[in-house]
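Trainee: Encoded as structure tokens, here's the structure I'll be asking about.
The values are calculated or read from the model by the stated rules, or taken from the named source; none is laboratory data. Here the structure is a predicted model, which means the values were calculated and not measured. Here the Cβ is made from the backbone with ideal geometry for all residues, glycine too, and neighbour counts use every protein chain on show. Please note that ligands, DNA and RNA were not included when accessible areas were found on the heavy atoms of the full protein model with its side chains. Shrake-Rupley method; radii C 1.70, N 1.55, O 1.52, S 1.80 Å.
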Amino acid sequence: MAVKVDKATCTGCGACETACPVEAIKVVNEKAEVNEDTCIDCGVCVDECPVQALSL
Ligand code: SF4
Ligand code: SF4
């Protein structure tokens, strides 16, 4: 499992990257990308995304 990014909705704001406690999500070319091996499914980024582009 890992958080999913709706790339059509993501604005590349970086809030998820800042919020993630384990640095599992990064903005690359203005879209969030998740490292599925590192993500611990904590949901912190889902709550921080201002446009609801993330889901578990
Ligand atoms: S669910 Fe948690 S660990 Fe996974 S990318 Fe989001 S903040 Fe990071
Ligand atoms: S917080 Fe949401 S909109 Fe911002 S970079 Fe992350 S997924 Fe994209």
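Trainee: Which whole-Hz couplings ³J(HN,Hα) result when phi for each residue of region 47-52 is put into the Karplus expression 6.51 cos²θ - 1.76 cosθ + 1.60, θ = phi - 60°, listed in order with x for Gly and Pro?
Mentor: My calculation for region 47-52 gives 6, 7, 5, x, 10, 6 Hz in order.
Trainee: Rounded, prolate or oblate, given the Cα gyration tensor of region 10-56, with a/c below 1.5 counting as rounded? All intermediate terms of the calculation are to be shown ahead of the outcome.
Mentor: Details: a/c = 1.67, a/b = 1.21, b/c = 1.38.
Oblate shape, in that a/c is at least 1.5 and b/c is the bigger or equal ratio.
Trainee: Hey, got a sec? Which GluC sites (Glu not before Pro) in the chain land in a DSSP loop and have at most 11 other Cβ atoms within 10 Å? Numbers along the way, then the final one.
Mentor: On the way: sites: Glu17, Glu23, Glu30, Glu33, Glu36, Glu48; in loops: Glu23, Glu30, Glu36.
Counting only loop positions with at most 11 other Cβ atoms within 10 Å, the GluC sites (Glu not before Pro) in the chain are Glu23, Glu30, Glu36.
Trainee: Now a separate question. Modelling each spin label as a point 7 Å along the Cα-to-Cβ direction, I'd like the Thr9/Asp47 distance in nm, to one decimal.
Mentor: Distance between the two pseudo-spin positions: 1.8 nm.
Trainee: Just flag the trypsin sites (Lys or Arg not before Pro) in the chain sitting in loop per DSSP whose Cβ has no more than 15 other Cβ atoms within 10 Å.
Mentor: Working: sites: Lys4, Lys7, Lys26, Lys31; in loops: Lys7.
Qualifying residues, ordered by number: Lys7.
Trainee: Another question about this same structure. Could you give me the ³J(HN,Hα) list for region 36-45, computed from phi with Karplus coefficients 6.51, -1.76, 1.60 and θ = phi - 60°, whole Hz, x at Gly and Pro?
Mentor: Using θ = phi - 60°, the values come out as 5, 6, 9, 4, 10, 6, 6, x, 4, 5 Hz.
Trainee: Ordered by residue, what ³J(HN,Hα) values in Hz, to whole numbers, does region 8-23 give under the Karplus form 6.51 cos²θ - 1.76 cosθ + 1.60, where θ = phi - 60° and Gly and Pro are x?
Mentor: Each residue of region 8-23 in turn: 5, 8, 4, 9, x, 5, x, 4, 5, 4, 5, 7, 5, x, 10, 6 Hz.
Trainee: Then there is this: When the chain is fully extended, how far beyond the present Cα-Cα distance does Glu23 get from Glu36, taking 0.36 nm per residue of separation?
Mentor: Here the answer is 3.6 nm.
Trainee: Roughly to the nearest percent, how much of the accessible area of the chain is carbon and sulfur, given a 1.4 Å probe?
Mentor: On the way: 1670 of 3580 Å².
Carbon and sulfur: 47 percent of the exposed surface of the chain.
Trainee: How large is the helix-only mean residue ellipticity at 222 nm for the chain, computed as the sum of -39500 (n - 2.57) over DSSP H runs with n ≥ 4, divided by its residue count, in deg cm²/dmol to the nearest 500? Write down the numbers at each step before the final one.
Mentor: Details: 2 runs with 10 residues, N = 56.
The helix-only estimate for the chain comes to -3500 deg cm²/dmol at 222 nm.
Trainee: Can you list residues from other chains, or at least 5 along the same chain, whose modelled amide H is less than 5 Å from the amide H of Val27?
Mentor: So Val27 has HN proximity to Glu33.
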